[in-house]
Amino acid sequence: MSFISVFDVLGPNMIGPSSSHTAGAVEIACLAQKLLEPPLRQVEFTLYGSFAQTYHGHGTDRALLGGIMGFSTDDLRIRDSFQIARDRGLDFAFIPNETETEIHPNTVDIRMVNEAGQTMTVRGESLGGGKVRITRINGMRVEFTGEYASVITEHQDKPGVVAHITRVLSDWNVNIAFMRLYREGKNDTAYCIVESDGRLPEGISDQLKANPYIHNVMVVQP
Amino acid sequence: MDFKSGEELLALCRQENCPISRIMRLRECTQGEASPQEVEERMSQVWNIMVRSAREPLENSLRSMGGLIGGEAQNQGICGPVLEKAITYAMAVLEVNASMGLIVAAPTAGSAGVVPGLLLALQETYDLPDSWMAEALFNCGAIGYLAMRNATVAGAVGGCQAEIGVAAAMAASAAVELMGGTPEQCLTAASTVLMNMLGLVCDPVGGLVEYPCQNRNAAGAANALIAAEMALSGIRQLIPLDEMLQTMYRVGRKIPVELRETALGGCAAAPSACRRCGGCNS
C-alpha cells in the first residue's frame, strides 16, 4: 500500500467543484502535455462516461484545457482557460462520446498536435480524490500515474534495449522503483515505463536515445 | 512512527504522552517525502486557503457553475455563535467550490466545507491562535487517513456518509483536541459522528457537487459539534472508531448504486430536481 500523506487527506488544493471531474481532469491533461515536445498547436478531448455527461457543470472542459497548458490543480487561471488558449493560438475541441460504455466512467482521450506536426494520443482515467492514471499512449495499453518521476521510452522490441535503459539509469545512480514493458508484438513497437524515486537527472534523455532502437524518450518529473 | 488503526494511534499517544496531532505530524515527517519545514509551510497554506474560501462569499456571493446554489452563506442567528458561524462558513466553502474557486478537498471537494467551517468558527469564537489551527488540521488528517486506509472517502463507493460523514468525524476529533480533550475523547467524537450519519446517501442533483451537498456540509459541521460536545462532557461510546469505520464501509457497500453519486436516485430523482436539472433523458 502506498503512503497516505496528511496532504492526501487535506488536499488537493484545487479549483472546484469536483476532485474527480475537475482536479483529476487537470492532472490527466497536465501529464499528457509532458509527453509531447512543446508548443502544442491543436488538442482534441474525447470524453467518456460521467465525464461526457456532466463535463460542463463540473468545469471538466476548462480543467482539461488548463491542464494541457501546464496549469496545476490550484491555478485560478483554469476558470479562464478557454480565453487563454485562444490567446496562445491553441486550437481545441471537446467531443462527448456517450456510446462507448465499456470504459472507466471518468475517462478522456487527448489527441495532441505540436508545432513540429507530431501527434500523440493519450488516454487518462480520473480515479477520485484527484488521483489519476494514464492507461494508453498512442493506442497502446500502458499504466502510470505521474506520482513518481517516470521515464517512458518508445522503441522497437529488440534484444538489449532494456539492458541499455537500465545501464543508463544505473550510470546516473537512479533507483528504479517500478518497471514495466509493453509491446504491440514481437519486433514491433514497444514501450518501457520506469518509475523512480526523487527527480530524474536532466541529461538522461539524450543518453537513452543513443540506442538505435529507441525512437522516443519522455521524461515526467513529479 | 506510523499507525494503522485508531487503537494503535491511541497507544502511541499514551506512549509518547502527546495529542493525536503530534503523532500525525511525526508520521508525516518520518514516513513522507517532505522535510519538517515543508510540511509546516504546506499545512499553513492549507489553513490559509480554507479561511479564504470560508470568508469570501460573505462579501461577494458567487453563482455556481450549475446554477443550483449561490448566496446561501448568510447568518440568521438562532444557534449561538459557534454553530451559526460553522453553518455559514461550511456553506460558504461549497459556494466557492461550486463557482470554480480555490478550496482544499477535506477529504473531498464535496465535503470541503465541514472542517474549515467548524474550525474557523471555534477559532473566532474562542480567539484561538493560528498555531493551534495547524495542530487541529493534523488531528483531522489522522482521522481522515484512517478512513482512507481502512474504509473509503468516496461517495461513489460509500455514499455521503463516507464524504460528509468522514469530514465531520475529522472536524469533531479536531474540535475535541482544540478544546482540551484527550486523544480517547477525540476518537470517541469521531465514532459518534459516523454513527449519527450512518447510511447517508450521495444523490447530487444533476450529478453536480452543489445540491444537496451544500446543505449537508452545514449538517456535517453541526453533527461534528454535537459529537465534540458529547465527548468533551465525558460521554463514552460502546463502539470504538475502528469498528465504526468498518461499519460505515460495510453499510456503504450495501447502499444501492442509484444512491452512490450516480444521480439516479434520492434527491436527484425528486420531480422538482428533475425539472430543474433537465439533464438526463430518463
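The values are calculated or read from the model by the stated rules, or taken from the named source; none is laboratory data. Predicted model, so just to flag it, every value in this text is computed and none were measured. Don't worry about glycine lacking a Cβ; one is built from the backbone with ideal geometry, like all the others, and counts go over all protein chains shown.
Among the residues of the stretch B:142-152 satisfying the criterion of being among the small types (Gly, Ala, Ser) and either without any contact (Cβ under 8 Å) to a residue 40 or more places away in the chain or out of contact with any Pro (no Cβ under 9 Å at 6 or more places or on another chain) (or both), which is nearest to B:Thr247 (Cα to Cα)?
Restricting attention to the stretch B:142-152, the residues satisfying the condition of being among the small types (Gly, Ala, Ser) are B:142, B:144, B:147, B:151.
Add one more test, that the residue is either without any contact (Cβ under 8 Å) to a residue 40 or more places away in the chain or out of contact with any Pro (no Cβ under 9 Å at 6 or more places or on another chain) (or both), and what stays is B:142, B:144, B:151.
Numbers: B:Ala142: 19, B:Gly144: 16, B:Ala151: 9 Å.
Selected residue: B:Ala151.
Could you check how many residues of the stretch A:166-176 are assigned to a helix (DSSP H, G or I) and crowded, with 17+ Cβ neighbours inside 10 Å?
Just the residues of the stretch A:166-176 that are assigned to a helix (DSSP H, G or I), to begin with: A:166-171.
Imposing the further condition that a residue be crowded, with 17+ Cβ neighbours inside 10 Å reduces the set to A:168-169.
Counting residues in the stretch A:166-176 that are assigned to a helix (DSSP H, G or I) and crowded, with 17+ Cβ neighbours inside 10 Å gives 2.
With the checklist (1) assigned by TED's automatic domain parsing to the domain that holds A:Gly89; (2) in contact (Cβ under 8 Å) with a residue 24 or more places away in the chain in hand, flag the one item A:Trp172 doesn't pass.
(1)
Find the residue count for the stretch B:206-217, including only residues that are surrounded by fewer than 24 Cβ atoms within 10 Å (Cβ to Cβ) and in a helix (DSSP H, G or I). Reasoning before the result, please.
Restricting attention to the stretch B:206-217, the residues satisfying the condition of being surrounded by fewer than 24 Cβ atoms within 10 Å (Cβ to Cβ) are B:206-207, B:212, B:215.
Still in the list and also in a helix (DSSP H, G or I): B:206-207, B:215.
Matching residues across the stretch B:206-217 total 3.
Of these, A:Thr145, A:Thr121, which one is hydroxyl-bearing (Ser, Thr, Tyr), surrounded by 15 or more Cβ atoms within 10 Å (Cβ to Cβ) and farther than 30 Å from B:Gly110 by Cα?
Numbers: A:Thr145 fails: farther than 30 Å from B:Gly110 by Cα.
The conditions single out A:Thr121.
If you scan the stretch A:37-59, which residues turn out to be closer than 20 Å to A:Asp74 by Cα and either surrounded by fewer than 24 Cβ atoms within 10 Å (Cβ to Cβ) or of a type in the set (Gly, Ala, Ser) (or both)?
Once the filter is applied, which keeps residues that are closer than 20 Å to A:Asp74 by Cα and either surrounded by fewer than 24 Cβ atoms within 10 Å (Cβ to Cβ) or of a type in the set (Gly, Ala, Ser) (or both), the stretch A:37-59 yields A:Tyr55, A:His56, A:Gly57, A:Gly59.
One line per residue, one yes/no per condition, for (1) β-branched (Val, Ile, Thr); (2) assigned by TED's automatic domain parsing to the domain that holds A:Thr99; (3) modelled with pLDDT under 95:
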{"site": "A:Gly11", "(1), (2), (3)": "no, yes, no"}
{"site": "A:Thr22", "(1), (2), (3)": "yes, yes, no"}
{"site": "A:Ile28", "(1), (2), (3)": "yes, yes, no"}
{"site": "A:Ala32", "(1), (2), (3)": "no, yes, no"}
{"site": "A:Glu37", "(1), (2), (3)": "no, yes, yes"}
{"site": "A:Ser50", "(1), (2), (3)": "no, yes, yes"}
{"site": "A:Tyr55", "(1), (2), (3)": "no, yes, yes"}
{"site": "A:Gly59", "(1), (2), (3)": "no, yes, yes"}
{"site": "A:Leu64", "(1), (2), (3)": "no, yes, no"}
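What number of residues within the stretch A:37-54 are assigned to a strand (DSSP E or B) and within 14 Å of another protein chain (Cβ to nearest Cβ)? Even if it seems obvious, please write down each step before you answer.
Keep residues of the stretch A:37-54 that are assigned to a strand (DSSP E or B), which gives A:40-48.
In the following step, the residues that additionally are within 14 Å of another protein chain (Cβ to nearest Cβ) were identified as A:47.
Final tally of qualifying residues: 1.
Considering only residues that are crowded, with 24+ Cβ neighbours inside 10 Å and in a helix (DSSP H, G or I), look in the stretch A:7-20 and name the one that is farthest from the other protein chains (Cβ to nearest Cβ).
Out of the qualifying residues, it is A:Ser20.
Residues checked against (1) more than 21 Å from A:Val43 (Cβ to Cβ); (2) crowded, with 20+ Cβ neighbours inside 10 Å; (3) touching a strand residue (DSSP E or B) at 6+ places or on another chain (Cβ under 8 Å):
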{"site": "A:Val113", "(1), (2), (3)": "no, no, yes"}
{"site": "A:Leu127", "(1), (2), (3)": "yes, no, yes"}
{"site": "A:Ala163", "(1), (2), (3)": "yes, no, no"}
{"site": "A:Glu195", "(1), (2), (3)": "yes, yes, yes"}
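Considering only residues that are of a type in the set (S, T, N, Q), within 17 Å of B:Met24 (Cα to Cα) and touching a residue at least 24 places away in the same chain (Cβ under 8 Å), look in the stretch B:153-195 and name the one that is surrounded by the fewest Cβ atoms within 10 Å (Cβ to Cβ).
First, pick out the residues of the stretch B:153-195 that are of a type in the set (S, T, N, Q): B:161, B:173, B:182, B:185, B:188, B:191-192.
If we keep only those that are within 17 Å of B:Met24 (Cα to Cα) too, we end up with B:173, B:182, B:185.
From what is left, the residues that are touching a residue at least 24 places away in the same chain (Cβ under 8 Å) are B:173, B:185.
On the way: B:Ser173: 36, B:Gln185: 23.
The extreme case among them is B:Gln185.
Say we look at the stretch A:68-107 and pick out the residues that are among the hydroxyl-bearing types (Ser, Thr, Tyr) and within 12 Å of chain B (Cβ to nearest Cβ); which of these is surrounded by the fewest Cβ atoms within 10 Å (Cβ to Cβ)?
Keep residues of the stretch A:68-107 that are among the hydroxyl-bearing types (Ser, Thr, Tyr), which gives A:72-73, A:81, A:99, A:101, A:107.
Of the ones still in play, those that are also within 12 Å of chain B (Cβ to nearest Cβ) are A:72-73, A:81.
Working: A:Ser72: 17, A:Thr73: 24, A:Ser81: 25.
Step by step, filter the stretch A:68-107, then rank; the result is A:Ser72.
Taking the stretch B:13-58 as the search range and keeping residues that are under 21 Å from B:Pro116 (Cα atoms) and polar (S, T, N, Q), which one is surrounded by the fewest Cβ atoms within 10 Å (Cβ to Cβ)?
Filtering the stretch B:13-58 for residues that are under 21 Å from B:Pro116 (Cα atoms) and polar (S, T, N, Q), the one surrounded by the fewest Cβ atoms within 10 Å (Cβ to Cβ) comes out as B:Asn48.
What is the number of the single condition among (1) more than 11 Å from chain B (Cβ to nearest Cβ); (2) surrounded by 20 or more Cβ atoms within 10 Å (Cβ to Cβ) that A:Lys34 does not meet?
Only one criterion in (1) more than 11 Å from chain B (Cβ to nearest Cβ); (2) surrounded by 20 or more Cβ atoms within 10 Å (Cβ to Cβ) is unmet by A:Lys34, namely (2).
Before we move on, is B:Leu9 surrounded by 15 or more Cβ atoms within 10 Å (Cβ to Cβ), at pLDDT 95 or above, more than 30 Å from A:Gly57 (Cβ to Cβ) and not charged (D, E, K, R)?
Values: surrounded by 15 or more Cβ atoms within 10 Å (Cβ to Cβ): yes; at pLDDT 95 or above: yes; more than 30 Å from A:Gly57 (Cβ to Cβ): yes; not charged (D, E, K, R): yes.
So B:Leu9 fits the description; yes.
Could you look through the stretch A:136-165, keep only residues that are basic (Lys, Arg) and in a strand (DSSP E or B), and pick out the one that is modelled with the highest pLDDT? Outline the logic, then answer.
Our first condition is that a residue be basic (Lys, Arg); within the stretch A:136-165, this holds for A:136, A:141, A:158.
From what's left, in a strand (DSSP E or B): A:136, A:141.
Numbers: A:Arg136: 96, A:Arg141: 93.
Filtering the stretch A:136-165 for residues that are basic (Lys, Arg) and in a strand (DSSP E or B), the one modelled with the highest pLDDT comes out as A:Arg136.
Tell me whether the stretch B:190-200 contains one or more residues that are within 14 Å of chain A (Cβ to nearest Cβ) and in contact with a strand residue (DSSP E or B) (Cβ under 9 Å, 6 or more places away or on another chain).
First, the residues of the stretch B:190-200 that are within 14 Å of chain A (Cβ to nearest Cβ): B:190.
Going one step further and asking which of them are in contact with a strand residue (DSSP E or B) (Cβ under 9 Å, 6 or more places away or on another chain), we end up with none.
No, the conditions are met nowhere in the stretch B:190-200.
Which is within 30 Å of B:Glu135 (Cβ to Cβ) and more than 18 Å from the chain's Cα centre (by Cα), of A:Ser19, A:Ser81, A:Ser50, A:Ser2? If you could, list the steps in order and put the result at the bottom.
Numbers: A:Ser19 fails: more than 18 Å from the chain's Cα centre (by Cα); A:Ser81 fails: within 30 Å of B:Glu135 (Cβ to Cβ); A:Ser50 fails: within 30 Å of B:Glu135 (Cβ to Cβ).
From the options A:Ser19, A:Ser81, A:Ser50, A:Ser2, the qualifying one is A:Ser2.
Among the numbered conditions (1) in a strand (DSSP E or B); (2) exposed (fewer than 15 other Cβ atoms within 10 Å of the Cβ), tell me where A:Arg199 comes up short.
(1)
Considering B:Gly180, B:Gly165, B:Gly199, B:Gly234, which residue is under 21 Å from B:Leu120 (Cβ atoms) and not in a helix (DSSP H, G or I)? Don't jump to the end; show me each part of the working.
Numbers: B:Gly165 fails: not in a helix (DSSP H, G or I); B:Gly199 fails: under 21 Å from B:Leu120 (Cβ atoms); B:Gly234 fails: under 21 Å from B:Leu120 (Cβ atoms).
Going through B:Gly180, B:Gly165, B:Gly199, B:Gly234 in turn, the sole match is B:Gly180.
Could you please find all residues in the stretch A:61-107 being part of a strand (DSSP E or B), within 30 Å of A:Phe7 (Cβ to Cβ) and of a type outside the set (Ser, Thr, Tyr)? Spell out the reasoning first.
Keep residues of the stretch A:61-107 that are part of a strand (DSSP E or B), which gives A:91-97, A:106-107.
In the following step, the residues that additionally are within 30 Å of A:Phe7 (Cβ to Cβ) were identified as A:106-107.
Residue satisfying the conditions is A:Asn106 alone.
In the stretch A:108-122, is there at least one residue being closer than 23 Å to B:Ala156 by Cβ, outside any strand (DSSP E or B) and either at pLDDT 95 or above or touching a Gly at 6+ places or on another chain (Cβ under 8 Å) (or both)?
no
For the stretch A:77-94, check the following and say yes or no: at least one residue is touching a Cys at 6+ places or on another chain (Cβ under 7 Å) and assigned by TED's automatic domain parsing to the domain that holds A:Gly24. Walk me through it before giving the result.
First, the residues of the stretch A:77-94 that are touching a Cys at 6+ places or on another chain (Cβ under 7 Å): none.
No, there is no match, as no residue in the stretch A:77-94 is touching a Cys at 6+ places or on another chain (Cβ under 7 Å) and assigned by TED's automatic domain parsing to the domain that holds A:Gly24.
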